[in-house]
Amino acid sequence: MVSAKEFVKKVLKVYIESVEGSSVLPWVDAFYTVVSLTEIEQNLNELLSDEMAYRISDLGTFYYPRIKEIWDSFTNEEKIEVINGIVSGIASYGLKELLKSAAEDILKWRGPSERQKAIRAAKEFLSGKIDFDIFAYRVIEALWPTSEERTERHGEIVDFWKGVELSDYVNEKELKRMVKEDFLDVLEAYGSEGQAGPY
């Protein structure tokens with residue numbers, strides 16, 4: 001029979017493939033998916049019910065009877081492990097895509113001043129001087145530097161914050177790793193004028 005870890009890995013693989021094959025923003029899809037998986041009333045019977053098996057089967061091209069069969073084979077402890085693994089995996093995926101996209105957009109559309117602002121924010125978050133929400137706000141200021149732009153791009157900023165909320169489901173060590181590898185390292189891989197080269 002499939003182990004809990006193998007099951008989580010398979011579900012995440014199929015979910016990510018389905019998102020990558022669509023036109024939806026990955027962090028927005030991840031946000032709504034996490035909401036769907038965590039909005040079930042937080043009592044043990046609800047969390048471990050067939051409803052959760054159905055929601056898991058809805059994450060990709062899964063055959064519900066097969067998912068339910070696997071779900072029913074798990075102990076309660078394994079079911080909780082599966083739920084936590086899927087939620088944190090989807091949240092990590094969405095947040096990673098948000099950070100990569102933000103770094104690439106800053107390099108593509110913004111100048112050295114905004115790039116430096118984003119780099120400083122990342123370093124301050126990694127050193128513990130600011131929390132993740134303040135870091136995210138400073139990234140928004142780098143992406144959309146003027147109040148006029150922030151008004152015009154209100155919808156994009158709302159979507160950005162949906163991605164930020166995924167950080168609630170990612171542990172701090174993983175969060176810092178993503179900010180370093182998927183955001184800061186991307187920005188620092190380019191010269192001050194946005195050209196590839198040493199920082």
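If only one of Ala30, Ala53, Ala102 is among the aliphatic types (A, V, I, L, M) and in the same structural domain as Tyr169 (by TED's automatic domain parsing), which one is it?
Just one listed residue meets the conditions, Ala102.
Mind listing whichever residues of the stretch 1-19 are assigned to a helix (DSSP H, G or I) and not β-branched (Val, Ile, Thr)?
Step one: list which residues in the stretch 1-19 are assigned to a helix (DSSP H, G or I), which gives 4-19.
Across the stretch 1-19, the qualifying residues are Ala4, Lys5, Glu6, Phe7, Lys9, Lys10, Leu12, Lys13, Tyr15, Glu17, Ser18.
Phe62 passes every criterion in (1) more than 17 Å from the chain's Cα centre (by Cα); (2) at pLDDT 95 or above; (3) not β-branched (Val, Ile, Thr) apart from (2).
Sort out which residues of the stretch 20-41 are free of Cβ contacts under 8 Å to residues at least 12 places away in the same chain, part of a helix (DSSP H, G or I) and over 20 Å from Ala53 (Cβ atoms), and write them in order of number. Passing the criteria: only Glu20.
Conditions tested, residue by residue: (1) free of Cβ contacts under 8 Å to residues at least 60 places away in the same chain; (2) within 15 Å of the chain's Cα centre (by Cα).
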site	(1), (2)
Arg138	yes, no
Ser147	yes, no
Arg153	yes, no
Asp159	no, yes
Arg177	yes, yes
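May I ask you to verify whether Val164 is hydrophobic (A, V, I, L, M, F, W, C) and within 21 Å of Val19 (Cα to Cα)? Explain how you work it out, then say what you get.
On the way: hydrophobic (A, V, I, L, M, F, W, C): yes; within 21 Å of Val19 (Cα to Cα): yes.
So Val164 fits the description; yes.
The values are calculated or read from the model by the stated rules, or taken from the named source; none is laboratory data. Just so we're clear, the structure is a prediction, and the values are computed from it rather than from any experiment. Cβ coordinates were reconstructed from backbone atoms using ideal geometry, including for glycine residues, and neighbour counts include every protein chain displayed.
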